[in-house]
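What follows is a set of notes on a single structure, which appears directly below.
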Amino acid sequence: MCGIVGAVSGRNVLGVLLQGLQRLEYRGYDSCGVAVWQDGTLRTSRSTARVADLARQIDASGLHALTGIAHTRWATHGAPSTANAHPHVSPDTARPRIALVHNGIIENHDSLRAELQAAGYRFDSQTDTEVIAHLIDRLYDGDLFDAVEQAVRRLRGAYALAVLCRDEPHRIVGARSGSPLVVGLSDGECFLASDAMALAGVTDRIAYLRDGDIVDIGLAGWHVHDRDGQRRERPVQTVKILAGSTDLGPYRHFMQKEIFEQPQALADTLEGVEGIVPELFGDGAWRTFDQIDRLLILGCGTSYYAGLVGKYWIELLARIPVTVEIASEYRYRPSIPDPRTLVVTISQSGETADTLAALLHARNLGQPHTLTICNVESSAMVRESTLAYITRAGIEIGVASTKAFTTQLAALFLLALTLAQARGTLDDDALAAHLQAMRHLPRAIQGALALEPQLIAWAEQFAARDHALFLGRGLHLPIAQEGALKLKEISYIHAEAYPAGELKHGPLALVTDAMPVVTVAPTDELLAKLESNMQEVRARGGRLFVLTDADSRFDSADGVQVIRLPEHHGLLSPIVFTVPLQLLAYHAAIVRGTDIDKPRNLAKSVTVE
Ligand code: G6P
């Protein structure tokens, strides 16, 4: 999704700007651009190709500047095109006065556009962003900070902005509401970015702006006004920026690399977990766990499915009721708040707009207990929560989440054990046995990865199909749902997941020999029920692809193909069963030749609604 970088320095800033964009590339974008102040003019360069092409374009044009802003765009208003790429400038003349980049969505852009057109402004793009550039130009009266402060009062919606003015060199004004923006500081230099990660290698001294803040950065320093125009201090923190390796190594795609990194990611996530203690989730967690009697888990996409598995574990082991809700639904629903609820947000990035808004909404409703399970320590959700568990998956670049999901599951299992201890529903021996089983996970995942050749054979059969059905029950229903999501998002095969017991209530009507049916069938108490659901599929000529346990009684037969997973601890099987489904989706996408790491229309970090 959209990314912002801005820099004011005594040295040429183009390297910092382009490197920052490169660090944000993995989030997904369709165009990019920079604007710099050079010799009294604003010069821009935009491209619908990759950041590397923009860098070549800039090299050829000889841009060199001490102040500049840069952007990666993920289209919302207006198609991906050079005209719609940021920065946008105003007025639309050979010598524009304002250049600006924007993340977010302006909801009242139509009425503002009409007003500005009536005032004589010509629009070159279909974006909501161009409206802001013209609005700032119209309000400009010699002071960029004043103009931006007045302009944002007229905006409805979400924005993070970085603005340059032709008449004020060495100055960038930023503003945020609903979209993240940080200030980076280094000796004699000041930066803006939508994510501290864009500044990795440049500075680790970061100030996080609050909603409604307007910031002025320059060579002499920086200052902030809040929404009411009051001067405010924002603390500068030294943050650990999750940069990680962005090299592919021997792999063809980041998704493949990340699938194979799972044993290490799980080992890293469990490192330092010496016993089950509340402090795993933050200082004072025991007090919180003592004061709650329900959980509400919120997330989007893959993180939501992790929450569904978490509910099962927590209710089973700790006997605490759990509700799991899609964040974008919860934030707009007239729910009934309960101060004794622990609100758990799950997010790889910690920046997903709906999950962050749901967290703030839950708190505003009077629910003070919040915990985030997140892969990015410096993210907004971690900062906004009282408790946190940081998964150690390392940077995840593939849009389709893989290692972040399995490490989220590990964190949720630890949460279930910790709550079970706090409630006294598991004794010390049982806790130690579960923890020991977790330590075996990396090995079990290695075993699941070794099944790749069999999954390639399945994928070749799937790649020729337009639809697929995934079935699961109980603890494995969310895994079937995650498997269907993976297949659809990267191979573009339409896939749906159902609780197997629902088969007769609709999806069975779709079953023919052209509809592969994947069944997640571990040896558990629901196996007999699942078997009869599978018979229903076979009786209609459906072709079954069964994932099951090493000791299972299933055998391959006509129309039934079986893959057995390595031995593992029963309750942790959702983590192990996830891996073959990732490999199936990955290899089906390979056969279909899709853009696996950047599937069409999708973004890694969804920072707009
Ligand atoms: C996007 C990504 C998914 C991810 C979801 C939630 O849709 O493509 O992979 O599961 O956002 O992201 P989060 O960072 O909050 O886990």
Any hit, segment 16-38, residues being more than 24 Å from Ser605 (Cβ to Cβ), modelled with pLDDT under 90 and part of a loop (DSSP other than H, G, I, E, B): no
Per-region count, segment 173-188, residues in a strand (DSSP E or B), under 19 Å from Gln19 (Cα atoms) and either modelled with pLDDT of 95 or more or open to solvent by less than 10 Å² (accessible area, probe 1.4 Å) (or both): 4
Residue in segment 433-444 that is assigned to a loop (DSSP other than H, G, I, E, B), modelled with pLDDT of 95 or more and surrounded by fewer than 24 Cβ atoms within 10 Å (Cβ to Cβ) present: no
Enumeration of residues in segment 222-235 that are exposed (fewer than 15 other Cβ atoms within 10 Å of the Cβ) and closer than 25 Å to Leu21 by Cβ: none
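Looking at Gln38, Gln57 in this structure, which one is over 23 Å from the mean Cα position of the chain (by Cα), surrounded by fewer than 20 Cβ atoms within 10 Å (Cβ to Cβ) and under 30 Å from Gly221 (Cβ atoms)? Give the derivation first.
On the way: Gln57 fails: under 30 Å from Gly221 (Cβ atoms).
On inspection, the qualifying residue turns out to be Gln38.
Give the residue, chosen from Arg465, Arg473, that is closer than 20 Å to Ser556 by Cβ and open to solvent by 40 Å² or more (accessible area, probe 1.4 Å).
Arg465
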Residue count, segment 36-54 (criterion: among the polar types (S, T, N, Q), within 16 Å of Asp92 (Cα to Cα) and touching a residue at least 24 places away in the same chain (Cβ under 8 Å)): 2
Qualifying position, being in a loop (DSSP other than H, G, I, E, B) and open to solvent by less than 10 Å² (accessible area, probe 1.4 Å), among Ala65, Ala7: Ala65
Output for segment 314-368, where each listed residue is away from the ligand (no atom under 16 Å from the Cβ) and surrounded by 19 or more Cβ atoms within 10 Å (Cβ to Cβ): Ile314, Leu317, Ala318, Ile320, Val322, Thr341, Leu342, Gln367
Single condition Thr72 does not satisfy, out of (1) open to solvent by less than 20 Å² (accessible area, probe 1.4 Å); (2) part of a helix (DSSP H, G or I): (2)
Top-ranked residue of segment 534-589 - restricted to ones that are aromatic (Phe, Trp, Tyr) and open to solvent by less than 10 Å² (accessible area, probe 1.4 Å), ranked as nearest to Gly501 (Cα to Cα): Phe545
Subset of segment 387-405 that is within 12 Å of the ligand (Cβ to nearest atom) and not in a loop (DSSP other than H, G, I, E, B) - its residue that is surrounded by the fewest Cβ atoms within 10 Å (Cβ to Cβ): Ala404
Test: residue in segment 125-140 that is aromatic (Phe, Trp, Tyr) and crowded, with 18+ Cβ neighbours inside 10 Å: yes
Residue that is farthest from the ligand (Cβ to nearest atom), among those in segment 369-386 that are within 14 Å of the chain's Cα centre (by Cα) and open to solvent by 20 Å² or more (accessible area, probe 1.4 Å): Glu377
Tally of residues being within 30 Å of Glu525 (Cβ to Cβ) and touching a residue at least 40 places away in the same chain (Cβ under 8 Å) across segment 468-497: 19
Residue check, Val215 crowded, with 24+ Cβ neighbours inside 10 Å, β-branched (Val, Ile, Thr) and in the same structural domain as Val101 (by TED's automatic domain parsing): yes
Segment 485-512 - residue that is within 18 Å of Lys403 (Cα to Cα) and touching a Leu at 6+ places or on another chain (Cβ under 8 Å) and, of those, most open to solvent (accessible area, probe 1.4 Å): Glu489
Checking Phe254 against (1) of a type outside the set (Val, Ile, Thr); (2) open to solvent by 40 Å² or more (accessible area, probe 1.4 Å); (3) more than 30 Å from Asp143 (Cα to Cα), the condition it does not meet: (2)
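Condition check ((1) outside the structural domain of Gly104 (by TED's automatic domain parsing); (2) free of Cβ contacts under 8 Å to residues at least 40 places away in the same chain; (3) part of a loop (DSSP other than H, G, I, E, B)) across all residues:
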position	(1), (2), (3)
Leu308	yes, no, no
Tyr312	yes, no, no
Ser328	yes, no, no
Tyr332	yes, yes, yes
Pro339	yes, yes, yes
Ser349	yes, no, yes
Asp354	yes, no, no
Gly366	yes, yes, yes
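Residue-wise test of (1) in contact with a Pro (Cβ under 8 Å, 6 or more places away or on another chain); (2) without any contact (Cβ under 8 Å) to a residue 60 or more places away in the chain; (3) of a type in the set (Val, Ile, Thr); (4) on the phi > 0 side of the Ramachandran plot.
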| site | (1), (2), (3), (4) |
| --- | --- |
| Thr402 | no, no, yes, no |
| Ala420 | no, no, no, no |
| Thr425 | no, no, yes, no |
| Ala433 | no, yes, no, no |
| Arg439 | no, no, no, no |
| Ala448 | yes, no, no, no |
| Ala463 | no, no, no, no |
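The values are calculated or read from the model by the stated rules, or taken from the named source; none is laboratory data. Treat the numbers as computed from the prediction; the structure is a model and nothing was measured. In this analysis, Cβ positions are derived from the backbone assuming ideal geometry, glycine residues included, and neighbour counts consider all displayed protein chains. Note: areas computed on protein heavy atoms with side chains; ligands, DNA, RNA excluded. Shrake-Rupley method; radii C 1.70, N 1.55, O 1.52, S 1.80 Å.
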